[in-house]
Each structure stands twice: as C-alpha cells, then as structure tokens.
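The values are calculated or read from the model by the stated rules, or taken from the named source; none is laboratory data. Since this is a predicted model, take the numbers as computed values, not measurements. Cβ: placed from backbone, ideal geometry, glycine included. Neighbour counts: every protein chain shown.
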Amino acid sequence: MSPVPSRRATGSDSTESTPARGPTQWLSDRTGLTIVAIVSALLGIAVILPYLQYVLLGLVLAYILMPAQRRLERYVSSMTAALALVAVAILTILLPLTYVLAIALDEALQIATAIQEDGLGIAEIEGQLESTGYSVDLHEMWETYQEPIGSALQGLATSSLELVTRLPNVLIGLTVTVFVLFALLRDGGALVAWFRRVLPVRDELQEELCTGLDQLMWASVVGNVAVAAIQAVLLGIGLAILGVPAVIFLTVATFVLALLPLVGAFGVWVPVSIYLFATGQYVAAAVLVVYGSLVSASDTYLRPALIGRTSAFNSAIVVVGIFGGLLVFGAVGLFIGPVVLGGAKITLDVFARERAGNGEPISADERAADPAVNTSAVGVMTVLERAADPETDILGDERDGDRDES
C-alpha cells in the first residue's frame with residue numbers, strides 16, 4: 001500500500017508546480033491588458049463613429065422611454081415591452097418627425113425661390129411703408145445683401161440635394177437607431193451594471209457623476225425640448241389660424257430658436273408680425289403680437305413646471321453646446337451638445353476635488369449655486385429620483401445586483 005502524501009507535501013508540490021507571480025510579471029500583465037483594452041476601445045469607437053448621431057438618437061429615445069419600459073415590465077416580459085415601445089416610437093416620433101422635416105424643407109425652398117423671384121411683394125411692402133411715413137428701398141437692400149443671401153440659399157439647396165442622394169444611408173442610420181433603442185430598452189439595466197463595473201472609479205464617485213449627468217439629460221432632453229416643442233406648436237397653431245404661409249417651416253424654426261436662451265419664439269413671431277404689418281394686414285399683425293407675447297411668456301411657467309427651475313444651464317453652455325453639438329453630432333447634437341459640456345464641467349469639478357484630497361461630495365446647495373451648471377435645484381424630477389420611489393423602480397435592481405456581487 002503506497003503511502004498517502006501529507007497535506008504539507010501536497011501543498012509544496014502545488015506551489016512548486018505553479019510559479020509565483022513576481023512584481024515584474026504583474027506589471028507586465030497589467031500593461032498588456034491596458035494596451036489591449038485601449039486598442040479594443042479605439043476599434044469599437046471607430047466602428048460606431050460613422051453612425052454616431054443615430055446611435056445617440058437611439059440613446060436619447062431610450063432615456064425618454066425607460067420609465068415606461070420599467071412600468072410595462074411589471075405586466076409583460078422585457079422583450080415584449082421593448083418591442084411595444086419601439087413600435088410606439090416609430091409611429092409617434094420617427095415617422096411624424098421625418099414627414100414634418102420634409103415639409104419644412106420644401107417650404108424653405110419655396111421661400112428661397114420667392115425671395116429670388118421677388119414673390120414676396122417687395123414693391124407692395126415699400127408702398128405700404130411709405131404710406132405710414134417710412135421710406136425704405138428694399139430693392140437696394142436686396143442688391144446689397146444679394147450675394148450672401150444667394151450663397152445661403154445655394155447652400156440650402158445643396159444640402160437638400162445631398163439629403164436626397166444620401167437617403168439610403170439615412171435609412172440605414174434610422175435602422176441602427178431602432179435596433180439601438182430596442183437593445184437599450186430590453187437590456188439597459190445590464191448595460192448600466194456592466195459599465196459601472198468596468199469604469200475605474202469608486203462607487204460613490206460613480207453615483208455622483210451618474211446623478212449629475214442624469215439631471216443634465218433630464219433638463220436638456222426632456223425639459224428644454226418639451227418647452228421648445230410646446231411653444232412651437234402653440235405658435236404654429238396661431239400662425240395657421242391667421243393664414244400665414246409656410247406654417248410648418250416657421251414652426252420648426254420656432255422649435256430650434258426656442259432651444260436658445262434669450263431668443264425663443266420671439267425670433268419668429270416678431271419678423272412675421274412686421275411682414276404682416278408691412279403688407280397691410282394690421283389686424284393679423286396686432287393679434288400675432290399679442291399671441292406671440294403670450295407664447296414667449298409661457299416659458300416662465302412651462303420651464304419650472306417641467307424641470308423645476310427657470311434655467312438648467314448657463315447661457316454660454318447652451319449656445320456653444322447646441323452649435324458645437326450640431327457640427328460634431330449632427331441634428332441630435334441639439335440635445336446632446338449641452339449635456340456633453342455640462343457633463344465635462346461636473347467631471348472636472350470631481351477631478352479637481354479629488355486631486356486636492358477633499359473627498360467630500362458636492363452638496364446640493366453648492367451645486368444649485370454653481371453659476372456655470374445648475375443641476376441640483378429643488379423640484380427636478382429625474383430618472384434617478386424616480387428610481388428612489390418603490391413604485392417606479394428603475395435602477396434599483398441593477399444596484400442591488402452590484403452589491404450582491406461585491
């Protein structure tokens with residue numbers, strides 16, 4: 001009968017068969033994994049970049065629809081809920097938006113053609129202004145600014161033609177948006193949990209960053225966009241009742257301008273009122289001035305009702321974020337641009353605090369008083385705040401899963 005090896009002997013044998021990892025080997029493995037991770041991330045970004053704006057559009061839609069997804073999951077499976085919400089998004093958001101933009105583009109081209117062919121009745125407007133005591137040579141003004149206006153109109157026509165030629169690419173991009181939306185709705189919780197695991201930041205900092213970004217997203221995507229959409233629809237209805245042409249184009253222009261601080265619907269109804277007055281439509285002009293003033297004033301009441309404060313961002317962040325976002329991310333940059341700049345501000349605040357050795361998180365009062373990005377004002381109803389309500393649990397399951405794993 002062969003002797004049974006002792007536990008000590010067995011342990012020594014296993015130790016000898018598995019060489020110990022010294023500091024050099026550990027550093028080598030860590031460096032290699034870091035290089036592989038960086039290369040993999042860069043390759044992944046390179047794959048996403050051609051359709052980045054469509055991926056971001058899917059992300060924005062998923063953010064908006066996520067509370068509804070969580071509620072539907074109480075009654076049906078996550079896949080069924082995601083399919084239903086994707087169908088709703090296509091029928092109520094994507095298709096109507098595409099149709100409205102197509103009409104607005106066509107009306108913009110008609111306006112451009114009318115300006116070039118003097119179809120706006122410039123002579124009539126001059127005569128009307130002269131009868132009120134104002135003498136303006138609109139033809140001379142047109143000749144003075146004809147070149148820049150012509151260049152702008154040519155650019156609009158070129159952009160329209162490019163949009164038609166790129167239609168197959170646009171359809172592919174919208175297909176990417178639909179699949180991204182479905183994946184985020186169905187597996188969004190798992191993706192959030194994975195991202196929190198791989199992010200090399202401790203849990204309390206992750207929580208602070210996620211809360212700040214969530215409030216920025218809520219204020220930009222839900223708050224500002226909802227206010228702009230309501231004002232655009234209200235003004236569009238008024239313009240249609242008054243018989244103003246190119247209502248769809250003017251409504252879309254109102255929506256875009258309403259996203260900008262200190263401009264809003266004012267940038268549309270004032271020029272239209274002047275045009276109505278100059279063409280002798282005094283009653284319509286007066287009605288539009290009164291109605292447009294009410295629409296612009298509604299911002300004072302709508303914004304606090306939707307996002308709990310009069311302003312979510314510093315004006316410079318909004319303007320730079322919108323125009324920079326348009327150049328970098330395309331149309332979806334209208335919503336993402338300010339969030340990116342505001343998120344950079346929050347991240348740099350946390351970085352500066354950690355570098356200074358002060359681990360105290362920024363309090364709600366300090367963030368509310370921040371002149372650059374105010375993201376914690378009382379009354380903001382964000383996704384994370386709704387998650388704290390047991391009736392509308394959104395991220396709680398993923399957080400509990402992270403705690404169990406730890």
Determine which single condition Pro261 fails, assuming it passes every other condition in (1) touching a Ser or Thr at 6+ places or on another chain (Cβ under 8 Å); (2) in a helix (DSSP H, G or I). (2)
Please identify the pairs in which a residue from segment 69-85 that is within 16 Å of Ala183 (Cβ to Cβ) and assigned by TED's automatic domain parsing to the domain that holds Arg186 has its Cβ atom under 7 Å from the Cβ atom of a residue that is of a type in the set (D, E, K, R) and assigned to a helix (DSSP H, G or I), counting only partners at least 6 apart or on another chain. Ser78/Arg186; Met79/Arg186; Ala82/Arg186
Any idea which of Val222, Val227, Val252, Val176 is assigned to a helix (DSSP H, G or I) and assigned by TED's automatic domain parsing to the domain that holds Met66? Val176
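Residue-by-condition table, conditions (1) assigned by TED's automatic domain parsing to the domain that holds Gln215; (2) at pLDDT 80 or above; (3) crowded, with 19+ Cβ neighbours inside 10 Å; (4) in a helix (DSSP H, G or I):
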{"position": "Val270", "(1), (2), (3), (4)": "yes, yes, no, yes"}
{"position": "Ser273", "(1), (2), (3), (4)": "yes, yes, yes, yes"}
{"position": "Phe277", "(1), (2), (3), (4)": "yes, yes, yes, yes"}
{"position": "Pro304", "(1), (2), (3), (4)": "yes, no, no, yes"}
{"position": "Ala316", "(1), (2), (3), (4)": "yes, no, no, yes"}
{"position": "Val339", "(1), (2), (3), (4)": "yes, yes, yes, yes"}
{"position": "Ala344", "(1), (2), (3), (4)": "yes, yes, no, yes"}
{"position": "Phe351", "(1), (2), (3), (4)": "yes, yes, no, yes"}
{"position": "Glu354", "(1), (2), (3), (4)": "yes, yes, no, yes"}
Can you find a residue that is on the phi > 0 side of the Ramachandran plot and outside any helix (DSSP H, G or I) anywhere in segment 283-301? no
Which one of Leu213, Leu242, Leu235, Leu257 is crowded, with 21+ Cβ neighbours inside 10 Å, assigned by TED's automatic domain parsing to the domain that holds Ser296 and among the aliphatic types (A, V, I, L, M)? Leu235
Quick check on segment 279-302: of everything there that is over 21 Å from Leu334 (Cβ atoms) and touching a residue at least 60 places away in the same chain (Cβ under 8 Å), which residue is surrounded by the most Cβ atoms within 10 Å (Cβ to Cβ)? Thr279
Criterion: under 30 Å from Thr98 (Cα atoms), in a helix (DSSP H, G or I) and at pLDDT 75 or above - qualifying residue of Gly188, Gly155, Gly212, Gly150: Gly188
Within segment 204-220, the residues that are without any contact (Cβ under 8 Å) to a residue 40 or more places away in the chain and either at positive phi or in contact with a helix residue (DSSP H, G or I) (Cβ under 8 Å, 6 or more places away or on another chain) (or both) are Gln206
